[in-house]
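*Asks:* Would you mind keeping the following structure in view while I ask a few things?
Please treat every number below as a calculation from the coordinates, not as lab data. All values reported here derive from a predicted model rather than from experimental measurement. Neighbour counts run over all protein chains shown; Cβ positions are idealised from the backbone, glycine included.
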Amino acid sequence: MLDKPWFAPKLLSTNYACSESDLYDRVLVDAECTHDGSLAHVQKYERWGWEHLDTQVVNNNRSQSVPILQSQLLENGWRMLKPGGVLVYSTCSLSRFQNEYVLGGFLSRHAENEALVEVIPLLQNQVAASPIWQPSCAEEWVGLEQHRGVFARMKCAVRLDPRVSNTSGMFIARIRKLSDVQTTFDVEDIAPLKLET
């Protein structure tokens, strides 16, 4: 039996929301990531040993599995959000594969009339907030050409660059649910953007 966490107004579970009373006005998906943007986290490896950095951050299996997990967490958070509600997706990673590609995969599954990436008022016009990564030259667009519209839709998401923000590196997207469409996807379809070859 699951107990209600002290911080939640009602019981959270791994089951998807199934009725209006199970839905939330706001959802935070502070997704598991490789923590490569967290300077404090990376400094722990001095104490733990640098071989752990390889298994926890730069290991190829982990770098491929984490964006899939993040995509699933984002989709589950979305299912638990009321129409008109706001979901915030964040990581402490600087990897475009854990940030823009995860958000892009999400937006490619949800139409413009369903999901809107909004400006984050607190970070609007702040020097610390950097634009998101997106292809800037023809060779970076190779394999991503069909996703130009998706990249345009995520322009209000932001990155916090540790060199200018005096914080760890972060990625933040504020997404408003515009409709009550509840699309169900097969687990294998919940994935980040893929480069087309």
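*Asks:* Roughly how many whole Å is it from the C-alpha centroid of segment 88-153 to that of segment 156-197?
*Replies:* If you average the Cα positions of each part, the centres end up 6 Å apart.
*Asks:* How many nm is it between the label spots at L28 and V88, if each spot is 7 Å from the Cα in line with the beta carbon?
*Replies:* Taking the two extended label points, one gets 0.6 nm.
*Asks:* Okay, moving on. Apply 1/(1 + (r/R0)^6) to the Cβ-Cβ distance of V142 and L122, taking R0 = 35 Å, and write down the FRET efficiency to the nearest 0.05.
*Replies:* 0.45
*Asks:* If you don't mind, there's one more thing I want to ask. Over segment 54-191, what is the mean sequence separation of C-alpha contacts under 8 Å (at least six apart), divided by residue count, expressed as relative contact order in percent?
*Replies:* 38
*Asks:* With a 10 Å radius around each residue's Cβ, average the other Cβ atoms per peptide and rank 181-191, 79-89, highest first.
*Replies:* Per-residue mean Cβ counts within 10 Å order the peptides as 79-89, 181-191.
*Asks:* At a Förster distance of 45 Å, what's the computed FRET efficiency of A152 paired with L69, Cβ-Cβ distance as r, to 0.05?
*Replies:* 0.95
*Asks:* Which of rounded, prolate or oblate describes segment 73-176 when judged by the alpha-carbon gyration tensor and an a/c cut-off of 1.5?
*Replies:* Values: a/c = 1.72, a/b = 1.08, b/c = 1.59.
Note, shape of segment 73-176 comes out oblate.
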